[in-house]
Each structure stands twice: as C-alpha cells, then as structure tokens.
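What follows is a set of notes on a single structure, which appears directly below.
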Amino acid sequence: MIDVVIFFFLLGIFARLVGSDLRLPEALYETLSIYLLLAIGLKGGIELSQQPMLSVLPQVLGVALMGFTVPLILYPILRSLRFNAADSASIGAHFGSVSVVTFAVVTAALIRQGIAYEAHAPLWVAVLEAPGLIAGVLLARLGDKDAESTASVRGHWATLLHDVVFGKSVLLLLGGLIIGAVAGTAGTEPIKALFIDPFKGVLALFLLELGLVAGGRLAEVKRYGWQVVAIGVLFPLGLSFVGAGLGLLLGLSTGGVAVMATLAASASYIAAPTAMRIAVPAANAGLSITIALGIVFPFNVVIGIPLYIKLAQALTGG
Amino acid sequence: MIDVVIFFFLLGIFARLVGSDLRLPEALYETLSIYLLLAIGLKGGIELSQQPMLSVLPQVLGVALMGFTVPLILYPILRSLRFNAADSASIGAHFGSVSVVTFAVVTAALIRQGIAYEAHAPLWVAVLEAPGLIAGVLLARLGDKDAESTASVRGHWATLLHDVVFGKSVLLLLGGLIIGAVAGTAGTEPIKALFIDPFKGVLALFLLELGLVAGGRLAEVKRYGWQVVAIGVLFPLGLSFVGAGLGLLLGLSTGGVAVMATLAASASYIAAPTAMRIAVPAANAGLSITIALGIVFPFNVVIGIPLYIKLAQALTGG
Amino acid sequence: MIDVVIFFFLLGIFARLVGSDLRLPEALYETLSIYLLLAIGLKGGIELSQQPMLSVLPQVLGVALMGFTVPLILYPILRSLRFNAADSASIGAHFGSVSVVTFAVVTAALIRQGIAYEAHAPLWVAVLEAPGLIAGVLLARLGDKDAESTASVRGHWATLLHDVVFGKSVLLLLGGLIIGAVAGTAGTEPIKALFIDPFKGVLALFLLELGLVAGGRLAEVKRYGWQVVAIGVLFPLGLSFVGAGLGLLLGLSTGGVAVMATLAASASYIAAPTAMRIAVPAANAGLSITIALGIVFPFNVVIGIPLYIKLAQALTGG
Amino acid sequence: MEKHKRTLLVVIAEANIERMLVQDIRRLGAAGYTVTDVRGGGHSGVREGTWEADRTIRMEVVCEGGVADKIAEHMLAEYGKHYGLTLYFSEVSVLRPNKF
Amino acid sequence: MEKHKRTLLVVIAEANIERMLVQDIRRLGAAGYTVTDVRGGGHSGVREGTWEADRTIRMEVVCEGGVADKIAEHMLAEYGKHYGLTLYFSEVSVLRPNKF
Amino acid sequence: MEKHKRTLLVVIAEANIERMLVQDIRRLGAAGYTVTDVRGGGHSGVREGTWEADRTIRMEVVCEGGVADKIAEHMLAEYGKHYGLTLYFSEVSVLRPNKF
Ligand SMILES: Nc1ncnc2c1ncn2[C@@H]1O[C@H](COP(=O)(O)O)[C@@H](O)[C@H]1O
Ligand SMILES: Nc1ncnc2c1ncn2[C@@H]1O[C@H](COP(=O)(O)O)[C@@H](O)[C@H]1O
Ligand SMILES: Nc1ncnc2c1ncn2[C@@H]1O[C@H](COP(=O)(O)O)[C@@H](O)[C@H]1O
Ligand code: NA
Ligand code: NA
Ligand code: NA
C-alpha cells in the first residue's frame, strides 16, 4: 500500500497538470521547510543523546567522502553526454548533495514497514549537504577558467563554505540535532505536540507543495528532452548502489543501508540550486532544477525508495 | 450553549467594529482555507471508504440539480426587487454555490449535539460548488446580451467550467475525499495529528479571520440599505426549506437533512466571487459579497444553523 | 536544566551572529504572535471561569498602578544619565509595559519546577500593556513642549488610548480570556489540540524568531555603548523587586510573586515601539528597541527569570 | 553606454484579472512584465487585500511607446468599465533595446 | 487616445505611519494611492521587515503636480525630522484625466 | 520648494543575487535602495516565486545620474550574461538633494 503522503504529492502534480489555480503561499512553503528541518534534526538529536558519540565519527567521514565523490563520478559521464563544463559540474553537485524531504519519505516508509534504522541518520543528512557542492564548484572552476574571472565579486571559497555551513538547511538540522541531544527525551517532551506528532501531516502538506512545483517543471522536461529523463532515472538507480555500498562498509543496519542508498540517490533542490547559482553562474539553473525536482524527486519518492529498501534487505539479508 | 468557534467569529467582528489594527496575514488566510478544504475532504473520504459507492449517486445528482435550480428561483425575485440582470444572476449564483466554513460549523454543531449525519457529506459540498455558478452565468448572458460582447477574451464556457472544477476549492475537497477513501482509516492514521485533531481549533482561527472580513463589510451594508439585509436573512431561511426538502426526498438522516438545509441556505464567498468577477463583470462584486459575507454568513453561523437543525428534527422526527 | 525553548532563542541569536541567511517569513512571525496572545488568553480564561471575579479586582488596580509608576521612577534616572526627555520617556514606557513572551517563559519555567501560580495571570498582562505607555507619553509631553506641536495630526490622547486598548495585543489577550472564561473547560475542549497542546512548541518557534531579531540588534548595542547594557541589566533587576513587592502586597502565591517580578522586569517590544513611534516621534526608536529586545529580553529569558523565581521563593518562603 | 527610450506602463487592477492581463500583454507584443501584490484605495473604496476577493496587483511593463498605447487602450476598453483599474505611462530608458 | 500629464509621487516610509500618510494624502486632495510592503536601506540603516517595528512601505500617488507638491511638503514637515522618509516625483501621463 | 533632478534606477533580478546587488549598489555610491518581492515573466520564462529558486526581486535606487550609470554598467557586465536581469532608468526629482 502506497504511503498516504505520496498521494499528496500526486495531487499537487495533478493540480499543476490540469492547470489548477491552487498555489501554496510562499510563506507557507518557507514555514513548512523550516519546520521539517528543525523537526528532523530534533528527532535525530533525541536519539543521538542515547549514544556514544565516537561511534558516529566513521559514518560522518564516510558520508562526507561520498558526497564529495559523487560529482567526480558523474562529471565525466555528463561531459560525455555533451553537457558543458558548468552544467556537468552543477548537475553533479545537485546529486552530491541531498534532499531532506526524500530522507523524510524513506524514514517514514521504514517506520511503516517496521524496519529499524540508525536514529541519528539526520546527522548524515546535515553532513551530506556541503561536500557535493564544494566538489561541484571545484569541477566548474577547473573545467572553465572563465568562470572565476567573470565572477569577480563572488565565488570566494570562504563565502561558499560559509553560505552552505551556516545556510538555513545545515543550521536548522544541526541546531535541531544539538537541541535534541542536549535536552533529551524528557527535555523535549513539552514541544513534542508541535515538532513530533504532526510531523507526517506536515510532510504531506509539503509534498503537496513540491508536487505543485515539480508539476510545473514537467513542461520543462519536454524542452530538455529524453536525455534529462534518462539521467533523472538512471543516475539515482546507479547512485543507490554507491550509497548502499557505503552503508554496508560502515556496518549499518538494514534500514540504515536503505537510508544511505536513498541519500546517495537523492538530488538537492534547496541548498544546491542556491549555491550553484552564486558559485557557478554559467550553469543553466533550469536544467539542473528540472532534473532534481522534475524527475529525480518524483522518481525516488514514488518508485525509487521501495526499490532501495528491497536492495538494502537483499544486501543485508534483513 | 453557543459553540466556542462562534465566539472567535464575534471577536473578529468586534475587532473590526471598534477599529482595531488586528489583521491576519494573507498567507495565513490562504493556509487556513487550504487546510480546511483538505481536512474536510479527508474526513469525508475516510468515511466514504466504508460505504457502497452507488448509494451516493442519487445524492450527487440531487445536490447538483438543487445548486443549478437555486439561481433560477432567486433570479425573478431579485429582478422584481429592481436589481439589474447581472446583479440578479450574480447574487443567485452566490446562493446556488456553497460556503465550506458554514458546512464546517453545522457539522461541528451536529457533533456537539450528538446528531448523526452522513459522513460523506463533504462530497455534497464539492458537487454543490459549480452548478449554481453555471446557472448564474447562463442567466446573466440571457438577461444581458451586452455582457458577452464586452467580455471578448473571457467568458468562454470551457474556461469557466475548468476554473471551477479545477479551482482550489473543488480540487482540494475532492482530492482530500479521494485520498481519504483510498488510504482509509489505517492509511491516514499518521496524518491525523495534523488534519483531524486540530481541525476545530483551525476552524476557530478561520472564523476569527472571517469575522474581521465580515465586520469590514458591515459598513457596506449601510450603503446598500435594508433590502440587502432582508435578502440576506429571508433568502437563507427560504432556501433552508428547499435543502431540507431535498434531504427528505433523498431519505437522509436527521443530521443529513440539517446539513442539506444549511448548504442550501449558505452563500459562497470563495468560488462565487472569483467566478462571477470573471464571467459576469457587469455585476457589482461589492453587493453580492456584502450579502454573502456581511449578512448571510453571520446570520447562518449565529442564528440560522440552530434553526435548520430544529427544522430537520421536526421534519424527520429525529 | 535549561528549558528547551531557551535553546531555540540561542539558536536564533547564533544564526544571526554567524551571518546565516535563516529568516522566518513575516507572515509566520505575525501568525505566531497572534497564536500566542490568543492561547495565553484562553488558558487564563479557562481558569478564571472557576474563580470569584471580585477577588481579582485589587490585583487589576495594583498592576495598573505599577505599570503607570514604572516610567515615573525610571524617567529621572534616565535623565540623570543624560538621555533626552523623549528618549527617557520612551525607554520608561517600554519598561512600564510588558513582554508577553517573557511572561510565557516564566510560566513555562514555573510549570516545569512545579511551582503554582495564579492561573488568571494573563489578565495582569493585558492590564499592564497600557498604563506604562500612557505615563510615558505624559512624561514626553511635559518634558518637551515642542513634541506636541510638531505632532499636529497625531498624538491625540483618545487615539493613543484607542490604539492600545483595541490594539492586537490587548484585544487578543482579553478576547481569549473572555472566550475561555465563558466557554469554560468543556467548551474549549475541542480547540485544545490547537490552542493548548502545541503551545510550548509554538513558543519555541517564536523564540527562534526573536533570537534572530535580537541577534540583529546586538550590533546596535555596540553603537549605543555600555550605558545601554547597564540599563538593560540593572533596570530589570531593580524592577523585579518592585514587582515582587506588589505581589507580596497583593498576597499572591510564590509563583504569582515570581510572575509579577518578571512582568515588572520585562520590557515591551510589540505594543510599546508602535505606540511610542506614533505618540513620541522625537524618541529614538532604535535605542529603546535595542534595550528592550537586544538586552532586556535575552537577559530576562536566560538569566533573570531563574533569579526572580528564587527571589519569590525567598520572599514567600515558598 | 547608449540609452534607448522606452515606455513604462503601470497597471493597477484587481488580482482577479491578473491572468487575463498577462495574456493581453503578451499578445499585444510586450516581451515581459513584473507583478507586485499591493493594496490601496481609490474611487471604488479601500482594498486591503486580506482575502481573495480583495486583492490588488500592480503590473509594470517596459516596451515601445506604440505597444504601451495598444495595451493601455485595450485594457481600458476591456476592463475599464467594470473593474477598478489605474493606468499610467512614464518615459524610461534602457540599455539593451532588443530586450524590450 | 489623448494623454494628460500628471505627477507620480512615491513615498517610502516606516510602516508605523501608514495610516497617517493615507489620511494626509486623502485630505490634501489625491483621489487614490497604492501601497507595497518593501524592505531596504538608507541613512538610518537596514530595514529587513521581519517584525513589526522594522517594516517599510512604499506608497505611490498619481495626482496633479500641485497636489503632489502639497503632499510632499506636508510630509517632509510633519515626518521628515523623526522618521525615515524617502520622497521622489516623476512625470507620468494618464488617459482619464478626471480620475486623478 | 526647490526640486533637484536625480535618476531612478530600477533593477529586476532573481532573488538569489540580492545580497550581491546590495553590496554593489553601496560600493558604487548610492545612499539607499528599496527592494520589493515580485513575480513576472520575460525572455527566460515565467517566474512565479512560490519557492526559493523561483523568486524575483525589484530594487529601486534614487541617485545621481552618473552613479546610476555606473551601477547599471556594472550589473550588466557582472550579471547580465547568466542571470535574468531587467534594468531601466527614469528621471525623477527630489526635495533633499544631499540625501540622494
Ligand atoms: N491616484 C491614484 N494613485 C495611485 N494609485 C491609485 C490611484 N487611484 C487608484 N489607485 C489604485 O488603483 C486601485 C483601484 O482604483 P479605483 O479604480 O479608483 O478604485 C486602488 O485600490 C489603488 O490601488
Ligand atoms: N536612495 C534611495 N533609493 C531608494 N530608496 C531609498 C533611498 N534612500 C532611502 N531609501 C528607502 O527609504 C528608507 C528610509 O531611508 P532613510 O531615511 O535614508 O533611512 C530605506 O529603508 C529605503 O527603503
Ligand atoms: N519588458 C519587461 N517589462 C517589465 N518587466 C520585465 C520585462 N522583461 C522582463 N521583466 C522582468 O524581469 C524578469 C527577468 O526577465 P528576463 O531576463 O527577460 O527573463 C522577469 O521575470 C520580469 O519580472
Ligand atoms: Na545525493
Ligand atoms: Na447555497
Ligand atoms: Na515591565
């Protein structure tokens, strides 16, 4: 049985395709994304508080390395598909980074199916935001000497790093994690009714919004052609093996391997578009957003995640 | 004892009358109305999932017919009161369509009083949105040959139908209904904490907002005079008999008859104003909104609904 | 152990200090503040409904007198510190009025520590809004004959009084109180899931926002210098004794004395800035907001409140 | 840096007809438009914009004078009678003449 | 299509005084006004508009030149000293002269 | 009441680069700026602004003609190639010449 939140996503896509006037106010979009980031962080933090800190260190390093490597793997493939340097770097960066809502959907699916996963997984998400973006910018600079010179005011590494690390996504995820870890189960009890109980309903609402946005992107897919569809389906499938492999290597649980596969397969549509727009202006923003939000996201949420869970079960015998 | 949500409505009216600076941000207004439509749909859908589909077909037809007929009944009355063709058609259309919040208030009242009603009633609401608007536009076109010619770009029937059927209200109500019906009680359990439990509190907040808007309309009432007040009180009372009659004919429960009476008596202030503004531009928008939101809505919410419930009890012996 | 909501405040300050792009949409800010005012009022009203009305009359009078007196006490001190008449009056008015969120934080702390307080305390908050502002305007007019003449259109006493009494804060607090008192525990039961259960989570979110705003003010602190810091720390400490004294005089419980000390020590950052801007335009708005929100609020929330509770316990032997 | 004369047409209207205005503008030859949500007051009363029937938009279009005239004329004829509508023209200059 | 010269007066000010500005504008003879919520920066620092004391509005008024002058003069005298205030005039043309 | 000629420069651009535009404006000598959230359409398609990557801003700067030219030239060179960007100039007058 399909998770109810997926229906909201499909409703959003449907509304857009039939030309409905339904729009969620921008302030609601922002509110929902702030909520989800904080709530995911908090939940992870509460669990983290019951764990030896040192045991997560190898995971943090492994995840960071994976994020950095993904764009390096994808870049030559994209170049060989005749994308220019800037676009190849930018698309790679989107895949190297991560989609928080995809993470929320996979954990919801795991909970529904009763498959355990490492409860501090939000930490992986926070760690995954930045390295892929850095690798993407590096590739763009190497691939196109011009890029740096035009971007006279911008493009300082320090600025990029600052913007990602102290950007909304990482700050709220890590902020939530730390608050959850420090306050613990008892300390966060009084805010449970806002941050824990309605979580899945809020996720449903956010998926309705993302359906509207993704639906609006489908027209673009036609413009960019079949290549973009192929990338948006095959890259996630391929990357899920990279993620699952890392999960096995780190000795994660079945659910943990599924999460890691999903994180690798997911493409960022919040941090990456903003960062690439500033750091790699020559890249076509419409192209990478169409891939990340118009194809990868729907594919993962509706088709990919069940597969990644199956994959994890097969690999771990779970 | 008056339902607590009514107090919020009165607080809103009071705030406006004393010139308070209290305003709800527009994004909140939109958010609340999206929430209410989805939540009402979901609740109805969950119940619908436990029911034979065919049994609701006569209800759907009956309700659609009622919505279409109401403007036809009101038009000659309004014309005889010296309203012009466009205004008569537009006011009729507002009454032919429906107010979702009035529906929410009557069901809340029924639940409080322990009177059962058909749980799939939101389906009636969704069906009732469009037919009255179509009849209204038809009347305007027949009554004023000019109307069509000025509205060269607009006014295509296909556009009107599309806009209502895929408009926010119907789309969210039906979307919620279908999601609720497909996912069922178990499937919607995880989103209950957002869409079911806080429902009445959100209704209270929305009534506060509607109180502010209705309060702002009261000044207009003075401008339009006593006729408008008479229409806003007598039409609902009269129409409640039409609705109750239909309910009896369809063999509804006591609560169902009360709901049907209320739906007939209610006037739309979301779908109708927008649709009429585009399809019948010659109609005075301020006039019909003042009636629908300045008089009919407060009258129904504070005085009408208790009467309609009494009426249903008397008619069904319930 | 620090209350979890304080962590959200600190996260907000941190985000601002490190230059994060995290911002809460303005519509969310407004929504949260409307929610908090209504919810605080409702909670107090529900309790008030179980109490003899007459017993609160002396408290109402005492609180109003305190609010009016505070600016009169602070004015000469501020003048002797070389602030001009308008600024001295305005800063005094901010302290004479009250911060609703500070009230929410002290009651949360009392609940956590199991210390009882008068449940109708929100009534004190509503009463405290206005008198300090009136005293402040009075002082400004007396201190600077010019002020009135420039403010030709504005500054009518009736306007000022109207704006405060029917302003958002007082209207929602009193509106909530009355609705709570009239509807009682049973009547408000259906809206509990929105207005009572998630309250503390919403407070946490609002503190995140206030942290962002206060963090933005810290740069200003440097501009205004050490005097402003001294005022923002010493005035609250001093005023807490005034409040605690009044609490003892009125025979309040330990928690009640702590609340009263906190209310006295808190400075308004909603009603006061708006009212002073209109009624005392010559006052430097940035200066008083920096004190109220940049220093007094963080000080009270993080350091002051625990001290005021200790003080109340010492004074009442509770 | 050479500058080129263009006309800025500003249209203030109820939000209800935004979609139609955009279609008109496009059809009559403007290359772009920018829309802002506003509130205001005029002959037909105060519009605060707190709920859907009460919203107002401000649209600005930079284009050639002739196009601006055509758009304005069309709008006045089509919507002037029944809708609150404010129109004004202003002379502006741009740097990239073929963009507008 | 005949055009008529009018003046566009733009006022940028803190949101706190919006109500008073509207009253002034009406009293001094303008037929309408349009308000937008904005943010910005100037001599008195950056105003981001994330909470009430920090909000800024932009008001535009199309009216006869003399009325614009009167409004601007009044505003400068009344609010110029104590409030952040930006005023500018621009020549515009309109189609319906008796509307403005 | 003497009036002084200034130039109004309006810049419409994706919200992503707002921070950089503000820095540029300040650096190149403008005393202030005002930003509005807008939506719109142009050569690069429709921008509705319902989520972060799709937001557009409108920035207006009143300054001396020379400063406006410098700002516009810089923006065109720096952002014109890769970002959706609309720029236009308009003649305005102000009352307090040393404010702008
Ligand atoms: N003279 C004016 N200056 C600026 N905006 C105006 C003016 N007159 C009308 N408006 C705007 O146009 C809308 C409709 O105006 P009206 O058709 O006069 O009711 C108003 O709500 C204002 O936003
Ligand atoms: N030169 C300018 N161009 C455009 N807007 C300005 C300018 N100067 C000031 N403003 C606006 O007016 C507000 C108040 O300006 P000020 O009084 O200079 O602090 C600022 O927040 C800006 O929104
Ligand atoms: N001719 C125009 N008039 C007014 N605004 C425009 C015009 N062309 C473009 N814009 C605005 O500038 C943004 C970017 O335009 P473009 O670079 O042409 O895609 C659009 O989304 C509009 O908001
Ligand atoms: Na990824
Ligand atoms: Na009806
Ligand atoms: Na105080």
>> Just to check your reading of the model, which residue among C:Leu239, C:Leu248, C:Leu287, C:Leu234 is surrounded by fewer than 23 Cβ atoms within 10 Å (Cβ to Cβ), more than 10 Å from every other protein chain (Cβ to nearest Cβ) and within 16 Å of ligand 6 (Cβ to nearest atom)?
In response: C:Leu234
>> Tell me the residue from C:Ala282, C:Ala261, C:Ala292, C:Ala204 that is away from ligand 5 (no atom under 16 Å from the Cβ), within 26 Å of C:Asp163 (Cβ to Cβ) and not in a loop (DSSP other than H, G, I, E, B), please.
In response: C:Ala292
>> With the structure loaded, tell me whether E:Leu85 is closer than 28 Å to C:Tyr269 by Cα and either surrounded by fewer than 20 Cβ atoms within 10 Å (Cβ to Cβ) or not polar (S, T, N, Q) (or both) or whether it fails that test.
In response: yes
>> Looking at (1) away from chain A (no Cβ under 14 Å); (2) touching a residue at least 40 places away in the same chain (Cβ under 8 Å); (3) of a type in the set (Val, Ile, Thr), which one does B:Ile34 not meet, given that it meets all the others?
In response: (1)
>> What's the total number of residues in the stretch D:48-59 that are within 11 Å of chain E (Cβ to nearest Cβ) and under 24 Å from F:Ser90 (Cβ atoms)?
In response: 3
> Within the stretch A:292-312, can one find any residue that is in contact with a His (Cβ under 7 Å, 6 or more places away or on another chain) and either farther than 28 Å from F:His82 by Cβ or buried (at least 22 other Cβ atoms within 10 Å of the Cβ) (or both)?
Replying inline: yes
> within 21 Å of A:Ile295 (Cα to Cα), assigned to a helix (DSSP H, G or I) and either within 16 Å of ligand 5 (Cβ to nearest atom) or within 14 Å of chain B (Cβ to nearest Cβ) (or both) - does that describe any residue in the stretch A:109-129?
Replying inline: yes
> Just to be sure, is B:Val229 modelled with pLDDT of 95 or more, within 17 Å of B:Ser88 (Cα to Cα) and among the β-branched types (Val, Ile, Thr)?
Replying inline: yes
>> Can you confirm whether D:Ala15 is over 11 Å from the mean Cα position of the chain (by Cα), closer than 18 Å to B:Pro281 by Cα and small (Gly, Ala, Ser)?
In response: yes
> Under the condition of being surrounded by fewer than 23 Cβ atoms within 10 Å (Cβ to Cβ), farther than 17 Å from B:Leu10 by Cβ and of a type in the set (Gly, Ala, Ser), which residue from the stretch C:170-205 is nearest to the other protein chains (Cβ to nearest Cβ)?
Replying inline: C:Ala193
> Only one of (1) of a type in the set (S, T, N, Q); (2) within 22 Å of C:Leu293 (Cα to Cα); (3) modelled with pLDDT of 95 or more fails for E:Thr50. Which number is that?
Replying inline: (3)
>> Is it the case, given these coordinates, that B:Leu174 is in contact with a helix residue (DSSP H, G or I) (Cβ under 9 Å, 6 or more places away or on another chain), among the hydrophobic types (A, V, I, L, M, F, W, C), part of a helix (DSSP H, G or I) and at pLDDT 95 or above?
In response: no
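Tell me, please, whether a residue that is acidic (Asp, Glu), in contact (Cβ under 8 Å) with a residue 40 or more places away in the chain and either more than 16 Å from ligand 5 (Cβ to nearest atom) or surrounded by fewer than 21 Cβ atoms within 10 Å (Cβ to Cβ) (or both) can be found in the stretch D:16-39. Give the derivation first.
Here is the first cut: in the stretch D:16-39, the ones acidic (Asp, Glu) are D:18, D:24, D:37.
Right, trim to in contact (Cβ under 8 Å) with a residue 40 or more places away in the chain and you get D:18, D:24.
With the extra rule that they be either more than 16 Å from ligand 5 (Cβ to nearest atom) or surrounded by fewer than 21 Cβ atoms within 10 Å (Cβ to Cβ) (or both), the set shrinks to D:18, D:24.
The answer is yes, given that some residue of the stretch D:16-39 is acidic (Asp, Glu), in contact (Cβ under 8 Å) with a residue 40 or more places away in the chain and either more than 16 Å from ligand 5 (Cβ to nearest atom) or surrounded by fewer than 21 Cβ atoms within 10 Å (Cβ to Cβ) (or both).
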>> Would you confirm, using the coordinates I've provided, whether B:Gly44 is under 19 Å from the mean Cα position of the chain (by Cα) and away from chain A (no Cβ under 14 Å)?
In response: yes
> Residues of the stretch E:75-96 being more than 14 Å from chain C (Cβ to nearest Cβ) and under 13 Å from the mean Cα position of the chain (by Cα), which ones?
Replying inline: E:Thr86, E:Leu87, E:Tyr88, E:Phe89, E:Ser90
> Can you name the number of the only condition in (1) within 16 Å of ligand 1 (Cβ to nearest atom); (2) surrounded by fewer than 22 Cβ atoms within 10 Å (Cβ to Cβ); (3) away from chain D (no Cβ under 14 Å) that E:Ala72 fails?
Replying inline: (2)
> What number goes with the only condition from (1) farther than 20 Å from E:Arg58 by Cβ; (2) outside any helix (DSSP H, G or I) that F:Gly66 does not pass?
Replying inline: (2)
> When the stretch F:10-47 is examined, which residues are found to be over 15 Å from E:Val46 (Cα atoms), of a type outside the set (Gly, Ala, Ser), within 14 Å of chain D (Cβ to nearest Cβ) and in contact with a Ser or Thr (Cβ under 8 Å, 6 or more places away or on another chain)?
Replying inline: F:Val10, F:Val11, F:Ile12, F:Glu14, F:Asp37, F:Val38, F:Arg39, F:Arg47
>> For the stretch D:1-37, which positions are polar (S, T, N, Q) and within 16 Å of ligand 1 (Cβ to nearest atom)?
In response: D:Asn16, D:Thr36
> Restricting attention to the stretch B:42-68, which residues are of a type in the set (Gly, Ala, Ser) and at pLDDT below 95?
Replying inline: B:Gly44, B:Gly45, B:Ser49, B:Ser55
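The values are calculated or read from the model by the stated rules, or taken from the named source; none is laboratory data. Here the structure is a predicted model, which is why all the values come from computation and not from measurement. Glycine also receives a Cβ, built like all others from the backbone with ideal geometry; neighbour counts cover every protein chain displayed.
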